[in-house]
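*Asks:* I'd like to ask you about the structure that follows.
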């Protein structure tokens, strides 16, 4: 045993180099789909209620290769990316401001929390008037829906930074801006990013909902079209593509969090 | 001011006494008083406290809980303003955090998102030192506190004692003239305390680092210090100054010696009255609140 370990205790635990959790998650989804396939094939569930997953898979491949599935997926992904950037920047700025200025926080935090519980997609007529039937309207609704959790969790993240960490920076005579970026920001990042991921989820729901509602743009519009025609495999394939977009963005946000924390 | 055996009074603080007695004050705390306004009343946490810390000296400030030790720590470290009196480092009055003072906190203060090496390199990075140089220097201090081989570990992978050593290494890395520690071993178990105290002692003896330790642990104060200042319970004043004449260099064997026991007993005689007063006031508060 090393001198260090002998001197003051054992090393608690190594960080796991391999986690079976992601593989287990994928296996669970595949298992559930296989069970559903079996239920439909054996006639226990009608294919007119839920199409077999294998048919949905083929419809999805067909949509991506021969139809306008890829175009729709990219449109939705671009709208979500735009909304994510705006939610991140505006949410971080507003959350930081509300955290720093106690009077503002006391005045507005409750209102932001109320907005988080409001179906903000209903304000879409306002954005239609402002931006017309366009991607800008869809992104705007996504941003408005994604901001409240981002703002609230940013406030919470900074409020939860242990004062002693800030004292370390102050004791080193660092300027406040340096203390913020080098200590407070990385310390608050896990909570801020949990808010960002919540905001991403809200934004995606509202983006796809808006595409569906105004029949414009990406996967929401495609779902609308196929649902109207009762093309169930294509409809479910589009819904699965929404899940893929969501999963990719969540994974990207986790990667970004790790990069920012250094 | 009383002074138990074995002890020797510090020279009075009027004028520049250091030259007369043949030592240089690295740190001077002069007539520091700090009052807090708690709404209904004004509480005097520290009252007219004056002392010097000599260059290369290990000085401990000991007192019962609530005697203003941590307030004093924050005032000297420049983290707390609004006090009367003066704190001087190297003969110059300081008004806030100062580069010459390095602070080690009671609470766990390592950055969980940084590895051991990056934690220790943080102050060097903040001062603009190049990457290669700062990592090299940080590695030296990681090794100095006995954590060689743990450079790439994160704080969550270390024990409490190891994390506190990372914090000490981080403070030593930017080479402060005075090391200021506020009960750095308070959260550790007794055995780790002694071992880590010995580690700090070895480092201090090797580097001749001027060190001011705030503690409520009598054994720790005797084990490490050249002198111990005993504070009164609220308001915090200097009650006694005790010279610890245990031979140097010391090792952890010193805690089994008769002289160590004598010093501990002497300090306890000084502290007992203050600790009792603190306990009585706490009990009165609780019973008053319950009634």
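*Asks:* Among the residues of segment B:154-174, is any at positive phi, assigned by TED's automatic domain parsing to the domain that holds residue B:120 and free of Cβ contacts under 8 Å to residues at least 24 places away in the same chain?
*Replies:* Within segment B:154-174, the subset at positive phi is none.
No, every residue in segment B:154-174 fails to be at positive phi, assigned by TED's automatic domain parsing to the domain that holds residue B:120 and free of Cβ contacts under 8 Å to residues at least 24 places away in the same chain.
*Asks:* Scan segment A:151-168 for residues that are more than 8 Å from chain B (Cβ to nearest Cβ), in contact with a helix residue (DSSP H, G or I) (Cβ under 7 Å, 6 or more places away or on another chain) and part of a helix (DSSP H, G or I) and jot them down.
*Replies:* Going through segment A:151-168, the residues more than 8 Å from chain B (Cβ to nearest Cβ) turn out to be A:151-161, A:163, A:166.
With in contact with a helix residue (DSSP H, G or I) (Cβ under 7 Å, 6 or more places away or on another chain) added as a condition, the list becomes A:151-161, A:166.
Hits for segment A:151-168 are A:151, A:152, A:153, A:154, A:155, A:156, A:157, A:158, A:159, A:166.
*Asks:* Does segment B:136-160 hold any residues that are surrounded by 24 or more Cβ atoms within 10 Å (Cβ to Cβ) and in a helix (DSSP H, G or I), and which are they?
*Replies:* B:138, B:141, B:142
*Asks:* Hey, another quick one. Does segment B:136-151 hold any residues that are more than 22 Å from residue B:195 (Cβ to Cβ) and away from chain A (no Cβ under 14 Å), and which are they? Explain how you work it out, then say what you get.
*Replies:* First pass over segment B:136-151, keeping only residues more than 22 Å from residue B:195 (Cβ to Cβ): B:136-139.
Answer for segment B:136-151, where residues must be more than 22 Å from residue B:195 (Cβ to Cβ) and away from chain A (no Cβ under 14 Å): B:136, B:137, B:138.
*Asks:* Of A:187, A:227, which residue is within 25 Å of residue A:69 (Cβ to Cβ) and assigned to a helix (DSSP H, G or I)?
*Replies:* Numbers: A:187 fails: within 25 Å of residue A:69 (Cβ to Cβ).
From the options A:187, A:227, the qualifying one is A:227.
*Asks:* Same structure, new question: If I ask for residues that are in a helix (DSSP H, G or I) and either buried (at least 20 other Cβ atoms within 10 Å of the Cβ) or within 11 Å of chain A (Cβ to nearest Cβ) (or both), which ones from segment B:99-135 would you list? Don't jump to the end; show me each part of the working.
*Replies:* To start, the set of residues in segment B:99-135 that are in a helix (DSSP H, G or I) comprises B:116-126, B:131-135.
Across segment B:99-135, the qualifying residues are B:116, B:117, B:118, B:119, B:120, B:121, B:122, B:123, B:124, B:125, B:126, B:134.
*Asks:* What residue, among those in segment B:82-98 that are touching a strand residue (DSSP E or B) at 6+ places or on another chain (Cβ under 9 Å) and assigned to a loop (DSSP other than H, G, I, E, B), is farthest from the other protein chains (Cβ to nearest Cβ)?
*Replies:* If we take residues in segment B:82-98 being touching a strand residue (DSSP E or B) at 6+ places or on another chain (Cβ under 9 Å) and assigned to a loop (DSSP other than H, G, I, E, B), then B:91 is farthest from the other protein chains (Cβ to nearest Cβ).
The values are calculated or read from the model by the stated rules, or taken from the named source; none is laboratory data. Just so it is clear, the structure is predicted and the values come from calculations on it, not from any experiment. Heads up, the Cβs are rebuilt from the backbone with ideal geometry, glycines too, and the neighbour counts pull from every protein chain shown.
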